[in-house]
1. Filter the range 39-50 down to the residues that are within 23 Å of Arg232 (Cβ to Cβ) and either among the polar types (S, T, N, Q) or surrounded by fewer than 18 Cβ atoms within 10 Å (Cβ to Cβ) (or both) and list them by number.
2. Mind listing whichever residues of the range 330-348 are under 15 Å from Val251 (Cα atoms) and either exposed (fewer than 14 other Cβ atoms within 10 Å of the Cβ) or of a type in the set (Lys, Arg) (or both)?
3. Counting only residues that are surrounded by 14 or more Cβ atoms within 10 Å (Cβ to Cβ) and in a loop (DSSP other than H, G, I, E, B), how many does the range 154-175 have?
4. With the structure loaded, tell me whether Val77 is modelled with pLDDT of 95 or more and closer than 16 Å to His110 by Cα or whether it fails that test.
5. Say whether the condition of being in a strand (DSSP E or B), out of contact with any Ser or Thr (no Cβ under 6 Å at 6 or more places or on another chain), at pLDDT 85 or above and of a type in the set (Lys, Arg) is met by at least one residue in the range 80-93.
6. Could you say whether any residue in the range 65-79 is assigned to a strand (DSSP E or B), at negative phi and crowded, with 17+ Cβ neighbours inside 10 Å?
7. What residue, among those in the range 316-326 that are in a helix (DSSP H, G or I) and in contact (Cβ under 8 Å) with a residue 40 or more places away in the chain, is surrounded by the fewest Cβ atoms within 10 Å (Cβ to Cβ)?
8. For the range 297-311, indicate whether the set of residues that are touching a Phe, Trp or Tyr at 6+ places or on another chain (Cβ under 7 Å) and among the hydroxyl-bearing types (Ser, Thr, Tyr) is non-empty.
Amino acid sequence: MVFLATQAPLAHEAERTRVVLTFTGDGRFVLEVANDPLWLLMRLETFAGGTVPANPSPAQRDARLAQLGSVFADRIVLFVDGHEVRAESVEYHPPPVAADSLATFRLAGHMPRGASSLRWLYGIVADPYPLEIRQTDGSSTIEWITGTNWSGTIDLTRSFPRPTRWEIARQYLVLGYTHILPKGLDHILFVLGIFLLSPRVKTMLLQVTAFTVAHSMTLGLSIHGLLSLPSRIVEPLIALSIAYVAIENLVTRELKPWRLALVFMFGLLHGLGFAGVLRELGLPRGEFLTGLLTFNLGVEGGQLTVIAIAMLLVWPFKTKGWYRHRVVIPASLVIAAIGIYWTLLRIT
């Protein structure tokens, strides 16, 4: 649990990675890599052997990132026809004034004449991220790269076909599921907090239904631009929701009407968190609804898996007299402590 407490606060930041590689008609390439600026600064300082000052101002952060351009470029490896191609220029572009925007490094250089294949490595991000490749004829494709692994070999001699609806559905289903398992540590603890209130199936289903309906609503509204809150507000409140459900488990063992109402409200917050991740990952042009629905289904699948695992672990003991004192109370105390710690961490 100590590991979870120290790792989860940055879990969503690593997911905020967008990479666009554009080939121009004059034989050049332009590579734009967008990341959360504070997260990126922490990573680059690690590679450079430096340290990040506590709570740097945006101006300090951006000035230092601009200085670390060469360190960033060293973590980018572009192989064309088996030979490494280096960028000839590296520019840092600070995030726009809008809250929660990403900072961008822009690299440019020349492609070898007659280039036919490409492999790519971004040695900073551990989580999956999208690499969009735009051809000179206007066609494009998105390759999902698993963290610090190499991409597959990408054929540059042809136009990129549009992915089928099934391919998009499968891709976003997996993205939604992995956002919960294994990466959504805060969402996992919230679901476990719901589960621990009572071993009764009806009690659990009522809470899960309220949570699901709520986060599905705000996910859809936020992605359509009808509802928005900055992550500096949403993320601390999500952490606080984890602490609340765990603390309430300590003082009651029955489902009260206010519990359902609060779980619904907390579900609205978690939906905004899901939307923030999905917005940064991007939704496919022409298949917006497919991507949105299957991502949400993947999230539900991840949550149900968490509940199923928890049920399998405690089912033989749920009717024992000691179940509450030896399972519910200790587990809820740990979850509450982590939730409070995350809340304080996310507001400082």
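1. Going residue by residue through the range 39-50, those that are within 23 Å of Arg232 (Cβ to Cβ) are 39-45.
Selection gives Met42, Glu45.
2. Pro330
3. Of the residues in the range 154-175, 4 are surrounded by 14 or more Cβ atoms within 10 Å (Cβ to Cβ) and in a loop (DSSP other than H, G, I, E, B).
4. No.
5. Applying the first criterion (in a strand (DSSP E or B)) to the range 80-93 yields 80, 83-84, 89-93.
Adding the requirement that they be out of contact with any Ser or Thr (no Cβ under 6 Å at 6 or more places or on another chain) leaves 80, 83-84, 89-92.
Restricting the remaining residues to those that are at pLDDT 85 or above gives 80, 83-84, 89-92.
Those left that are additionally of a type in the set (Lys, Arg): none.
Within the range 80-93 (the criterion being in a strand (DSSP E or B), out of contact with any Ser or Thr (no Cβ under 6 Å at 6 or more places or on another chain), at pLDDT 85 or above and of a type in the set (Lys, Arg)), the answer is no, since none of the residues qualifies.
6. Pass one, the range 65-79, residues assigned to a strand (DSSP E or B): 76-79.
Retained after the next criterion (residues that are at negative phi): 76-79.
After this cut, where a residue has to be crowded, with 17+ Cβ neighbours inside 10 Å as well, the list is 76, 78.
Looking for residues that are assigned to a strand (DSSP E or B), at negative phi and crowded, with 17+ Cβ neighbours inside 10 Å, one finds at least one in the range 65-79, hence yes.
7. Ranking the candidates gives Tyr323 first.
8. Start the filter on the range 297-311 by keeping residues that are touching a Phe, Trp or Tyr at 6+ places or on another chain (Cβ under 7 Å), which leaves 298-299, 301-302, 307, 310.
So of that shortlist, the ones also among the hydroxyl-bearing types (Ser, Thr, Tyr) come out as none.
So far as the range 297-311 goes, no, none of its residues is touching a Phe, Trp or Tyr at 6+ places or on another chain (Cβ under 7 Å) and among the hydroxyl-bearing types (Ser, Thr, Tyr).
The values are calculated or read from the model by the stated rules, or taken from the named source; none is laboratory data. On a predicted model such as this, the values are computed, not experimentally measured, just so you know. All Cβ positions, glycine included, derive from the backbone under ideal geometry; neighbour counts span all protein chains shown.
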